[in-house]
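Report on the structure given below.
Bear in mind that the values in this text are calculations on the coordinates, not laboratory data. On a predicted model such as this, the values are computed, not experimentally measured, just so you know. Neighbour counts are summed over all protein chains in view; Cβ atoms, including those assigned to glycine, are modelled from backbone coordinates with ideal geometry.
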Amino acid sequence: MTQTEPVTAQIRMWWQRVEIKRIVWIWLGITVVLAIFALIVPARVMGSPASPTMRAVESTMTIFSVAAAPVMALVLSVAVYSLTGWRSRGSEPPIGDGPPIRGSGRVTATWMVVSSVLTMFVLIWGLGEMQSLSAEASAPNAMVVNVTGQQWVWTFSYPQNGNVESDQLYLPVNRPVVFHVTSKDVIHSFWVVEMGIKVDANPGEVTKTGVVPDTLGTFVVRCAELCGLLHAHMETQAHVVSSTDFAAWITAQESRAS
Amino acid sequence: MGTVRVYLKASGAVAAGVLVVVLAGTTLARAGTTPGLLNATVKGTAQTPVGVLPHAFLELATYPDSLAGEHGPDGGSKPDWVSYGPTTNLSAPAHSLVTITIKQYDSGGTITNPYFASVHGTVDGTMTINGQTATASKVDAIGHTFTIHAMPTNQDPLFVSVPLRALPDNAKPAPGSSYPVPNVVTFSFVTGGPGEYVWNCEYPCGDGTYANFGGPMSARGYMSGTFTVA
Amino acid sequence: MRRLNVVTAVAGGLGLALPGWAIARHFLEENDFGPDQVTVITMVCWAIGFMTGIGAFNGPIGWLRGHDLTPEDELFLAGKDQGIRRYFRFTTDHKVVGIQYLALTMVLFGVGGTMAMLIRTNLISPNSNFLSPQEYNAIVGLHGLIMIIATIIMVTGPFGNFIMPMMIGARDMAFPRLNALSLWLIVAAVPVLLSATFLGGIPTGWVGYAPLADQAPPGMDAYMMTIIIFAISSAVAGANITTTVLTMRARGMTWNRTPIFVYGVVASVGLAIPAFPMFMASQVMLGLDRTMGGRFYVASGGGSPWLYANLFWLMGHPEVYVILIPAMAALMELTAVFSRKPLFSFNTAVLGIVGISVLSVMVWAHHMYASGWAPNLNGAFMLTTEMISIPTGMLFLVILGTIWRGRIWTRLPMMATYAMLWNFIIGGITGLYLSDVPLDYALHGSMFVTAHFHYTLMGAGLTGAIGALAFWFPKMTGRMLNERFGFISFWLVQIGFNVTFIGMFAVGLAGQPRRVFTYNNLLATGNFVSTIGAYAIGIGMLFLMYAVISSWRHGSLAPSNPWGSKTLEWTVPNPIPLENFTVLPVVTSDAYGYGEEPFEPIEGPTRRDELEPAHVGSAADEQSTEGARP
């Protein structure tokens, strides 16, 4: 071998090869499209958040989707390019084999490192989120609402407000609330959709979840665990009202009960 | 074989498959016996807190078995299940005052959720039981409840729940009938716009099943039905 | 023994079940648990009668009596010289069992798919009133369980049985009679499951959560017995497959030279062996609750509903990998062939499969984040669940690396790989969302979860099984699968599938719970779109069924190795001799020597769409195309 041969044999580094460049362009294009989709669509479909919890949920959804965009784009760009650049045309069998690439230590190691880093990111984000949301749920001056699931109706009682009972959930805005949830019969799941909280209602147990409703309005409470015949109809409304309106409602309920 | 014939044969096979699925679907859809619809009868108008509205009436009964009502005199496949009669598919007009009278022929016991021992959703929060006005029944003597509810997001919210007092366990049959003299409960509520609601009993009376909510409690045509506001 | 077949099996089942039912009713009906006790006894009688009638017990009973099977008996049992009748008997030849599994899988998909069409029809609009809530809940539950059973067996059953022994250079499996037993147990279980429709259905969805399951009508007993029978079948099959692979590989087939598909099948049954007994235990306890006043799952009696959930998900999570791994392994196998390249980083593929298997038993409570059972453990389960994405990613690396710079031959099997890449990346990423605890609080119990697992189990799993079918069809039937209708089916199913389940992601994000027979008016468009997509899937699958059946009957005869694959099963001639290899092969290298060994021209089919041989009625047409030959 002369002195020049190793140089000419190496003249194309891996990033200079035509197929790599084309795949990178395809990857970039798909990443941009997916990232735009990720920034707009999931949060819009999930609707307007009614609590900081739901805001965190929607932003997590968006961030995870944006982070997933280059990963999905990588898979798709290689797949798409392979169908144009490496395809054996026609339905005839190919007339030769491909190169005997048994593996590549560098590629495998890079892949492992990147996937571990992404996993770490997702994990740490999730743990951080859990930490901040659990702080909300156990705020010391939280109002307690007892939630009872029964086939197929939700009922609520307010032990700190004269044991008022209702089939609809009334909450004062900007006040932390903790739900003590149980069931009279089978497993139900207490889900306040727009506030992003959910906890199962189990017979013989009391489970807890908490939230700070920060938006006035009427929201929906559904059951998220199949509980028999009318599971689909086990739905009621959550009304977030001002503190004065809430006090007025409590008074009205108390006078009706007596 | 010509290309056209090939495609015809394939399409024929696919069409046959679709036909099988359609047959399965229509058989299933028809198989469940749909109880007849009971429309509320409208008689005149009435004064309500929201103005003068048409006044509609429905008459129902709760039985300790299925021998009266929609399952025929032999009680259908489950003659010993408690049931509502004459049918469980109910309908009432929109924007009306609906008055329902229920004759309660069954015994009962202690209700599991005291919320349903009180009256909710009626015009003035009361019911009439055997002629006397009340806002609740005693929690240890409930026979059934009549509870209307539904997805509030598809129609005007409507939540009405009335406890139906139980007869004593040792009540004797009235002369000329196989059932004792019933407790008669009457209540009225105002309907909103058109919508599809469901109703069911919230006193667990499905004896022998877990939480007493199986059996008739979980079956349309017995302790659960539909309430259409049209 | 020589006169036993499926007809005598049904007769035996009914012959024991009807008297059993009558006697049980007479003595037991009056007591509290009567209907459930009678139902369970009837079904046990059916199962025992059916298995007796098919001859499953002949071997052991003969052995107990000192009259073990003679070599003629064994050849008879293996289906020698019986023609088509051997498919309706307790035949031990692994090739016959594989075909029987394929037929059973197709029937199960047909029934489950019909139910899916009914479900989506009911959801075409809010308050469609097509099905009553009770019927809808029952169909949702039965659809789920039938599909779970079908997807568990869909690769390991037909291809793990027919192909795998030949792939390792063996003459049959280690326990041929257990092989037939595992199949016929499932056949016995299918009428038991379908009888739920006449027994009041199941109100619980396929997971069968207690205590709703305690409350359910006798249809729940049918569910319970089906699981118990199926658990026995899968334990038997698992023992068979693992022993076969561990002990019967050809001489020279070290673990490094074992094809990746074999690893996939072994990992799958290796997970099933610890997992399904958990499910069986949960059902036995449910049976005690329902028939004898047990209170395992009843809080007021000292039990706990969380007990059921834990037992179920200890099975339920490994079970999805039982479904997924063989499908991915089959796709890895065929991707090497259709790229004409060695499998990229075989060791990574094995590590990925092993990593998924090991981690999958440590993640189960991610299904229970919102249950309130152990909120302090949610973080730990989030960790293990998110870690599973690493070995799963390794499988993507292997497939992408295999495709890289290959000579891609885009026949139907390879198209399944591309469909899997699209579907599984979506399924995997949406799984990542669900693994995040706060996101799961918003998404658990909604249609988002349903869409996620359909993307993984159907988009990757079923697609992989269809790819495997297209790949191995020539070896199993001796004919080529018609690709014109194969491709029509492929595009209808894949496009319909994505339309259906992207619509479902949307309504799930918007707040629609799962297993509901009606929904909020605002979600009508998403549900309508999903239903239309579902109809497209249904029509596509019917085209596939047509393609399979018509190709089986009049497809063009296949050469012995149409795809030019280097694994051992392609070295046997069509029709395949009864004992596969006249001389057992000795293996000197792995099956991925593309580009390393001299290229041998591929004898594959050139046209895609031959439906009949060139000359109808020729001698070639008369040849039987596979199966027992002396």
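Just a few scattered comments:
- Segment C:360-508, relative contact order in percent, only Cα pairs under 8 angstrom and at least six apart counted: 27
- Equivalent ellipsoid semi-axes - Cα gyration tensor, chain C, angstrom: 38, 31, 24
- Vicinal HN-Hα couplings computed from phi for segment A:146-155 (Karplus, 6.51 cos²θ - 1.76 cosθ + 1.60; Hz; Gly/Pro x): 8, 10, 10, x, 9, 5, 9, 9, 8, 10
- Ranked list, fewest to most other Cβ atoms within 10 Å of each Cβ, for C:489, C:360, A:157: A:157, C:360, C:489
- Karplus 3J(HN,Hα) series, Hz, for segment B:127-140 with 6.51 cos²θ - 1.76 cosθ + 1.60 (x for Gly, Pro): 10, 10, 10, 6, x, 9, 6, 8, 10, 7, 10, 5, 5, 9
- Separation between Cα centres of segment C:66-124 and segment C:447-514, rounded to whole Å: 23
- Principal axis dimensions, segment C:363-406 - Cα atoms, whole angstrom, descending: 50, 13, 10
- Kirkwood hydrodynamic radius of segment A:134-248, Cα pairs, Å: 14.0
- Helix A:243-257 vs. chain A, principal-axis angle (Cα, 0 to 90°, nearest 10): 50
- For residue B:48, nonlocal amide neighbours, meaning residues 5 or more places apart or on other chains whose placed amide H falls under 5 Å from its own, are B:53.
- Overall shape of the protein assembly as shown was characterised from the C-alpha gyration tensor. The equivalent ellipsoid obtained from it has semi-axes of 55, 36, 25 Å, in decreasing order.
- Here chain C is scanned for trypsin sites (Lys or Arg not before Pro) in DSSP loops (not H, G, I, E, B) that have at most 12 other Cβ atoms within 10 Å, and the longest stretch holding none of them is C:66-606.
- Residue among B:152, B:64, B:93 with the largest mean-square fluctuation in a Gaussian network model of chain B, springs linking Cα atoms under 10 Å: B:152
- Residue pairs, from the table C:341/C:475; B:9/C:95; C:95/C:341; C:80/C:475; B:103/B:138; B:78/B:138, whose Cα atoms sit over 23 Å apart: B:9/C:95; C:95/C:341; B:78/B:138
- Part-to-part distance (alpha-carbon centres) for segment B:65-131 and segment B:1-47, which is given in Å: 33
- Residues whose amide H falls under 5 Å from that of residue B:179, counting only those 5 or more places apart or on a different chain, are B:174, with hydrogens built in the peptide plane.
- Computed log10 I(q)/I(0) for segment B:8-155 at 0.17, 0.18, 0.21 Å⁻¹: -1.16, -1.25, -1.42, from the Debye equation with unit scatterers placed on every C-alpha and solvent omitted.
- Comparing mean-square fluctuations of B:197, B:179, B:105 from a GNM of chain B with C-alpha springs under 10 Å, the top value falls on B:179.
- Taking trypsin sites (Lys or Arg not before Pro) across segment A:74-111, the ones in a DSSP loop with at most 11 further Cβ atoms lying within 10 angstrom of their Cβ are A:89.
- Seen from all directions on average, segment C:33-78 presents a Cα convex hull projection of 4.0 nm².
- Cα-based helix-to-principal-axis angle, A:18-46 vs chain A, degrees rounded to 10: 10
- Cα-based equivalent ellipsoid of segment C:30-140: semi-axis lengths in Å, sorted from largest, via gyration tensor: 41, 24, 7
- If you take all other residues with their beta carbon under 12 Å from the beta carbon of residue C:430, and give Lys and Arg +1 and Asp and Glu -1, the sum is -2.
- Net charge of the neighbourhood of residue C:382, taken over other residues with C-beta under 13 Å away and scored Lys/Arg +1, Asp/Glu -1, is -4.
- Whole-percent pair-distance distribution, where bins are 5 Å wide, for the alpha carbons of segment C:174-309: 2, 10, 16, 17, 15, 12, 10, 7, 5, 3, 2, 0, 0
- Rounded to the nearest Hz, the phi-derived 3J(HN,Hα) couplings of segment A:228-233 under the Karplus curve 6.51 cos²θ - 1.76 cosθ + 1.60 (θ = phi - 60°) are x, 3, 10, 3, 5, 9, where x marks glycine and proline.
- When the Cα convex hull of segment C:85-220 is projected onto planes of every orientation, the mean area is 9.8 nm².
- Debye log10 I(q)/I(0) at q = 0.21, 0.24, 0.31 Å⁻¹ for segment C:438-486, Cα point scatterers: -0.75, -0.86, -1.03
- Proximal lysines to residue A:198, defined as alpha-carbon separation beneath 29 angstrom and excluding residues fewer than eight positions away on the same chain: A:184, A:208
- For chain A, the spherically averaged projection of the C-alpha convex hull amounts to 22.6 nm².
- As a length-normalised measure over Cα pairs under 8 Å and 6 or more apart, the relative contact order of chain C settles at 15 percent.
- Relative contact order (%) - segment C:494-574, alpha-carbon pairs under 8 angstrom, separation at least six: 32
- The angle between the Cα long axis of helix B:3-31 and the longest principal axis of the Cα atoms of chain B comes to about 10 degrees, rounded to the nearest 10.
- At q = 0.12 Å⁻¹ the log10 of I(q)/I(0) for segment C:254-340 amounts to -0.52, computed by Debye summation with a single uniform scatterer per C-alpha, solvent ignored.
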